[in-house]
Amino acid sequence: MLAAGKGVAFEQSDGFTLRYDQVLGIVGRFANTLVALGVKPGDRVMVQAEKSITSVCIYLATLKVGAVYNPLNTAYTTAELDYFITDAEPAVLLVSKAAKPSLAALPAAKGIRAIETLEADGTGSILDLAFKQGDVHPTVPRAPNDLAALLYTSGTTGRSKGAMITHENLVSNVETLCKSWGFSNTDVLLHALPIFHVHGLFVALHTALLAGAKILWHTKFDLAAVLADLPKATVMMGVPTFYTRMLGSPALTKDACRKLRLVVAGSAPLLAETHVEFKARTGLEIVERYGMTETGMITSNPYNEGARIAGSVGFALPGISVRIATAEGKPLPAGETGVLEVKGPNVFSGYWRNAEKTKDEFRSDGYFISGDLATMAADGRVAIVGRAKDLIISGGFNVYPKEIEDEINAIPGIGEAAVIGLPHPDFGEGVAAVVTGGAGQQAPLEQEIMARLGTRLAKFKLPKRVFVVAELPRNAMGKVQKAELRKTYDATFKS
Ligand code: MCA
Ligand code: AMP
């Protein structure tokens, strides 16, 4: 799917550029390297590395050799990694030099054929190996249903599940997005998202690479650097936090956005006020779209014809069917609130080695149950109005309360923990925990709980506040009333 030719694929703000034909050569070298390391079609290549152009090339090389790309959030701790390695059984693992010794020592790492290093600057033992290889490698043919990627997504049961993404899922979604959003090789995409998730890896990278567009490469969202590059960009993609941070700077002006034709937001709800303020400041209406790891992009506000409405995520993309149903799966009429279900070539093929969970999440007629509460108007326009699943989205990263609660409950002295999302001016939602002490025990102090969790959980999952209380509010059935807790602590992060 990579565009060929002499056009620039990547441009960094330090002036470094890489053309498409050069990218193809580097991808060929990494493909030969992976094969030399023993990677076979269907094998998993697990990567926990900082964002670099090298890691993009390794991703493309993984697809070229018919293997399955398995990226992991760089924030995951060794304890979390242990689970992923055991579950995915990768053939090759790429990590930083600093992380290698502790990971290599994990019992789960025993079966891995090679653990190579990849640093934030794109160097590492994998690059050294690639230099010794030729730059041509034939693309291993793959069937539409063959796996291309394994992306972990947390679940309400507490443990992460690997979503199996096929080649057809990726190709159908990127072709639809390129058409719907009018991508061409004259586009210049500002890329500041992480590339271990669907938004940065598939939505942003794929659209640009398929169109042969230029990518302004940012290794992270640094507000000043992003604003400095904005005047060169025709397309910007981001989570809502990107846009609220940009609006907080006087450097976001109509003039800075003079070349922008498309501004996309997703991964978390975009506040209507952000949409309205962005338009007032720049003249541009953000195109909000909606998707999931398991499905890629499902709906989008119109790019060409039709209104972009704040608070709506638009219409089902071409070729994708969406319906709103009751919890039991009975389709609801227009305007009623229910769970959004989706079917189409974009929908994943199931959870890795978890047939039971897969069965639970699909209807018998093939619709996938999103767990998001939505309404659909008579004309098909969708609005996400809440979540049927107990999920917090903080700065675009998903945090499942159950996972955090399990970790807190394991701390000596804790009776019970309830983890909730509270309104947060920067991250949209901020994670907070409310805990009780065990019977006849004094609960540990907030700092102590935080310190214990810090060694176990990625930073973005850590509660930003922990409240110790005598007891948790319960309903008549004895179930903890999280809505009550959210009300009580609503102002916690509001400045
Ligand atoms: C960083 N921290 C966070 C987050 N990010 N805490 C909660 N939520 C977060 N998202 C922690 C840091 O470790 C740090 O902790 C403190 O918060 C402040 O960090 P800061 O420097 O402000 O953060 P940052 O490095 O600027 O990162 C914020 C960010 C980043 C740019 C919003 O989180 C980000 O790039 N998010 C994008 C996520 C994304 O791509 N999601 C797509 C998922 P301390 O102070 O203790 O050190 S794909 C998806 O959802 C579907 C498919 C879809 O529809 O797209
Ligand atoms: P993930 O598991 O990281 O793929 O996150 C998918 C979830 O992000 C969806 O199920 C929604 O809850 C949420 N999401 C993505 N885009 C939007 C959006 N535009 N508005 C509201 N929620 C969204």
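Taking every alpha-carbon pair under 8 Å whose residues sit at least 6 apart, the range 222-344 reaches a relative contact order of 17 percent. Note on the range 25-122: with charges restricted to the Cβ of Lys and Arg (+1) and Asp and Glu (-1), its dipole about the Cα centre is near 320 debye. To put it simply, the accessible area of the range 28-99 at a 1.4 Å probe is 50 percent carbon and sulfur.
Using θ = phi - 60° in the Karplus curve 6.51 cos²θ - 1.76 cosθ + 1.60, the 3J(HN,Hα) couplings for the range 219-231 round to 6, 7, 7, 10, 3, 5, 5, 5, 5, 5, 8, 3, x Hz; x is entered for Gly and Pro. Overall, the chain carries a charge dipole of about 400 debye about its Cα centre when +1 sits on the Cβ of Lys and Arg and -1 on the Cβ of Asp and Glu, all other atoms neutral. Putting +1 on Lys and Arg Cβ atoms and -1 on Asp and Glu Cβ atoms, find which of Pro401, Gly413, Ala433 reaches farthest to the positive end of the dipole of the range 330-434. The Cα lying farthest towards the positive end belongs to Pro401.
Partners of Lys40 within straight-line reach, counting lysines whose Cα lies under 16 Å from its Cα and excluding those fewer than 8 residues away in the same chain: Lys64.
Taking the Cβ of Val35 as the centre, find all other residues whose Cβ is under 12 Å away and add up their charges (Lys, Arg: +1; Asp, Glu: -1).
The answer is +3.
Ranking Trp181, Pro302, Gly212 by Cα position along the charge dipole of the chain, where only Lys, Arg, Asp and Glu carry charges on their C-beta atoms, puts Gly212 farthest toward the positive end. Apply the a/c threshold of 1.5 to the C-alpha gyration tensor of the range 302-363 and tell me whether it is rounded, prolate or oblate. Cα axes put the range 302-363 in the oblate bin. The charge dipole of the range 362-495, taken about the Cα centre with unit charges on the Cβ atoms of Lys, Arg (+1) and Asp, Glu (-1), comes to about 100 debye, rounded to the nearest 20.
What number comes out for the charge environment of Lys110, summing +1 per Lys or Arg and -1 per Asp or Glu over other residues with Cβ under 13 Å away? Summing Lys and Arg as +1 and Asp and Glu as -1 gives -1. For the range 262-349, the set of GluC sites (Glu not before Pro) satisfying both a DSSP loop assignment and a count of at most 14 other C-beta atoms within 10 Å is given as Glu305, Glu328, Glu336.
Under a 1.4 Å probe, what is the accessible area of the range 150-196 per residue, stated in Å²? Present the calculation step by step, with values, prior to reporting the outcome.
Working: 1470 Å² over 47 residues.
For the range 150-196, the per-residue accessible area is 31 Å².
For the chain, the membrane-span-like helix rule (DSSP H, alpha carbon extent of at least 18 Å along the helix axis, mean Kyte-Doolittle at least 0.0) picks out 20-36; this says nothing about an actual membrane.
Straight Cα distances below 20 angstrom link Lys359 to the lysines Lys161, Lys330, Lys343, Lys389, with same-chain residues fewer than 8 positions distant left out. Applying both filters, DSSP loop and at most 14 other Cβ atoms within 10 Å, to the trypsin sites (Lys or Arg not before Pro) of the range 6-72 gives Lys6.
Counting only protein heavy atoms and a 1.4 Å probe, the range 345-495 has 49 square angstrom of accessible area per residue.
May I ask you to give the percent of accessible area on the range 319-402 that is carbon plus sulfur, with a probe radius of 1.4 Å? Can you show the working numbers first?
Numbers: 1950 of 3750 Å².
That fraction is 52 percent.
In terms of its C-alpha gyration tensor, the range 249-359 comes out prolate, because a/c is 1.5 or above and the ratio a/b outweighs b/c.
For the pair Asn304 and Glu285, label points projected 7 Å from Cα toward Cβ lie 1.6 nm apart. The mean sequence separation of alpha-carbon pairs under 8 Å and at least six residues apart, normalised by the residue count of the chain, gives a relative contact order of 12 percent. By definition, a body whose alpha carbon gyration tensor gives a ≥ b ≥ c is prolate when a/c is 1.5 or more and a/b is larger than b/c, and the range 62-102 fits this prolate description.
Note that the range 17-85 presents 25 Å² accessible area per residue, ligands and nucleic acids not counted, probe 1.4 Å.
Taking each residue as 0.36 nm, the span from Ser349 to Ala377 lengthens on full extension beyond its C-alpha to C-alpha distance by 7.2 nm. The solvent-accessible area of Arg245, taken with every protein chain present and a 1.4 Å probe, is close to 80 Å². Given a Förster radius of 41 Å and the C-beta distance between Glu484 and Lys110 as r, what FRET efficiency does 1/(1 + (r/R0)^6) yield to the nearest 0.05? Once the sixth-power term is evaluated, E becomes 0.30.
The values are calculated or read from the model by the stated rules, or taken from the named source; none is laboratory data. Remember, predicted model here, so these are calculated numbers, not experimental data. Note that we place each Cβ from the backbone using ideal geometry, even for glycine, and neighbour counts take in every protein chain shown. Accessible surface areas use protein heavy atoms only, side chains included; no ligands, DNA or RNA. Shrake-Rupley method; radii C 1.70, N 1.55, O 1.52, S 1.80 Å.
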